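Read through the structure below, which is laid out as structure tokens, and then see the notes.
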Amino acid sequence: MSIVRDPSLAESGRMKIQWVQDFMPALAAIRTRFQKEKPFAGKKISMSIHMEAKTAYLALCLKEGGAEVHATGCNPLSTQDDVAAGLASLGVEVYCWHGATPEEYEEHLTATLSCHPHLIIDDGGDLVNLLSGKRKDLADNVIGGCEETTTGIHRLKARAAAGALPFPMMNVNDAKCKHYYDNKYGTGQSVWDAIMHTTNLLVAGKTVVVAGYGYCGRGVALRAKGMGANVIVTEIDPIKALEASMDGCRVMTMDQAAPEGDIFVTTTGCKDVIVKRHMEKMKNNAFLSNAGHFNVEINGGDLEALSERVYLRRAEITGYVLKDGRTLNLLAEGRLVNLASGNGHPAEIMDTSFAIQSLSLEYMLTNGGGLQKEVYEVPDEIDAEVSRLKLAGDGFEVDRLTKEQEEYLLGWEV
């Protein structure tokens, strides 16, 4: 039995789901095959992933493949209640609502696993965490699963290194179709969509500080530059920092960047990227936002301790009035800003990521029984297949090597 905030919102949710379907051709092609072949017949799939329209479409594709699908969110603020209701009305068991308390959030995760799933899709590692700890009793059927995000992969690899990973997991986050397109172009656009919608302020002319220059950070910096911002990048990796400098960004430490930034965006997946000593140096009315999975990159406890007044300034913007009179603005409680304050990645971007998810889950079903309890990379053939489907859906073709060209590349004669 689904647990959603308001079942009467289902029509609005179904409209959103129908809208994105028209812009996700790769996943549509996979759905068509799944409808015919039913690769997941008789299997149960539990999903913890941002509950919005693109995710709902992925759940429906798996259902069309014969699975019994149980779904929840992976962040209390990214759940869209109408989408949750709409997905539940279409035959998927859904357990989530926007703004869930920590206790409710864990209850929803547990409810999603109560079916004793054969496969899981995780985003941040919360399902694996439960199946490895409090609810080991629900892991008896699990063959394996997929992980969607950088933070979750960090957790999984740490578990695997300690011999504490309960079943094999696929590293969807590092698939080429994920980090080249989703992380760079999806995060780059959706973060700024959310910040601009939430603040209704100009980006051009402002100084933007991007913490981390991985694929997400590159995308955020690229879009900020394109809108006329002055971009500073902070990094711990000298190679990435050098790349940022050659891409036209200024590179410095967060201590140096703190007094210069108008808008801060963290994209590291690590905790305490912005802490008290940085906040003490920031401009009045600086904006703090996070594009990492968990709300640990901006230290909320330090922000509270420095403040003598905390109040809601605008939807998803909390003002912290410091003792010296400056105000710092925290977006979306420091949670994943593009989903907590926006609609997440564009449908065309999630088409590739969720196509990777669906094929990786099929691979795990077929091969998981023979795999070790480790983190596996997505096979190149899955990446290539998704790229071909995406190109075909968009009306594009690529060249192919002739037999002579293949022989040339494999030989040593000029």
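For the reader, a short list of remarks on this structure follows.
- Annotation note: of Ser353, Ser307, Ser341, the sole residue that is buried (at least 17 other Cβ atoms within 10 Å of the Cβ) and at pLDDT 95 or above is Ser307.
- Filter result (more than 15 Å from Asn183 (Cβ to Cβ) and not in a loop (DSSP other than H, G, I, E, B)) within region 338-352: Ala340, Ala347
- Residue list for region 35-54, restricted to those being buried (at least 16 other Cβ atoms within 10 Å of the Cβ) and within 16 Å of Leu119 (Cα to Cα): Pro39, Phe40, Lys43, Lys44, Ile45, Ser46, Met47, Ser48, Ile49
- Test: residue in region 85-107 that is open to solvent by less than 30 Å² (accessible area, probe 1.4 Å) and acidic (Asp, Glu): no
- Scanning region 40-57 for residues that are modelled with pLDDT of 95 or more and among the hydrophobic types (A, V, I, L, M, F, W, C) gives Phe40, Ala41, Ile45, Met47, Met51, Ala53, Ala56.
- Any hit, region 244-253, residues being buried (at least 22 other Cβ atoms within 10 Å of the Cβ) and not in a loop (DSSP other than H, G, I, E, B): yes
- Which listed residue, of Val208, Val220, is touching a helix residue (DSSP H, G or I) at 6+ places or on another chain (Cβ under 6 Å), hydrophobic (A, V, I, L, M, F, W, C) and farther than 19 Å from Leu339 by Cα: Val208
- Of the strands (runs of 3 or more DSSP E) lying entirely inside region 290-333, those containing at least 3 residues that are in contact (Cβ under 8 Å) with a residue 24 or more places away in the chain and on the phi < 0 side of the Ramachandran plot span 327-331.
- Scan of region 61-72 for residues that are in contact with a helix residue (DSSP H, G or I) (Cβ under 7 Å, 6 or more places away or on another chain) and either of a type outside the set (D, E, K, R) or without any contact (Cβ under 8 Å) to a residue 12 or more places away in the chain (or both), ordered by number: Cys61, Leu62, Gly65, Val69, His70, Ala71, Thr72
- Residue within region 248-256 that is of a type outside the set (A, V, I, L, M), within 15 Å of Lys184 (Cα to Cα) and touching a strand residue (DSSP E or B) at 6+ places or on another chain (Cβ under 6 Å) present: no
- Residue among Val233, Val296 that alone is open to solvent by less than 20 Å² (accessible area, probe 1.4 Å), under 22 Å from the mean Cα position of the chain (by Cα), closer than 30 Å to Ile49 by Cα and among the β-branched types (Val, Ile, Thr): Val233
- Leading residue by the ranking (modelled with the lowest pLDDT) among those in region 364-374 that are open to solvent by 30 Å² or more (accessible area, probe 1.4 Å) and either over 27 Å from Cys216 (Cα atoms) or under 21 Å from the mean Cα position of the chain (by Cα) (or both): Gly369
- Filter result (part of a helix (DSSP H, G or I), under 17 Å from the mean Cα position of the chain (by Cα) and surrounded by fewer than 24 Cβ atoms within 10 Å (Cβ to Cβ)) within region 200-224: Tyr215
- Exclusive hit being open to solvent by 40 Å² or more (accessible area, probe 1.4 Å), out of contact with any strand residue (DSSP E or B) (no Cβ under 8 Å at 6 or more places or on another chain) and either of a type in the set (D, E, K, R) or closer than 27 Å to Thr352 by Cβ (or both), set Asp383, Asp394: Asp394
- Qualifying residue in region 355-366 (condition: part of a loop (DSSP other than H, G, I, E, B), touching a strand residue (DSSP E or B) at 6+ places or on another chain (Cβ under 9 Å), under 26 Å from Asp193 (Cβ atoms) and touching a residue at least 60 places away in the same chain (Cβ under 8 Å)): no
- Applying a threshold of 6 Å to beta carbon distances and a minimum spacing of six or more residues, or different chains, the list of pairs starting in region 13-32 at a residue that is within 20 Å of Gly395 (Cβ to Cβ) and ending at one that is in a helix (DSSP H, G or I) and of a type in the set (Val, Ile, Thr) reads Ala26/Val386.
- Flag if Lys176 is modelled with pLDDT under 95, basic (Lys, Arg) and over 24 Å from Gly248 (Cβ atoms): yes
- Failed condition for Asp193, given (1) farther than 28 Å from Val378 by Cα; (2) crowded, with 23+ Cβ neighbours inside 10 Å: (2)
- Residue that is farthest from Asp82 (Cα to Cα), among those in region 1-28 that are open to solvent by 90 Å² or more (accessible area, probe 1.4 Å) and among the charged types (D, E, K, R): Asp22
The values are calculated or read from the model by the stated rules, or taken from the named source; none is laboratory data. Nothing here was measured: the structure is a model prediction, and the numbers come from that model. Positions of Cβ are backbone-derived with ideal geometry, glycine not excepted, and every protein chain shown enters the neighbour counts. For accessibility, only protein heavy atoms count, side chains too; no ligands or nucleic acids. Shrake-Rupley method; radii C 1.70, N 1.55, O 1.52, S 1.80 Å.
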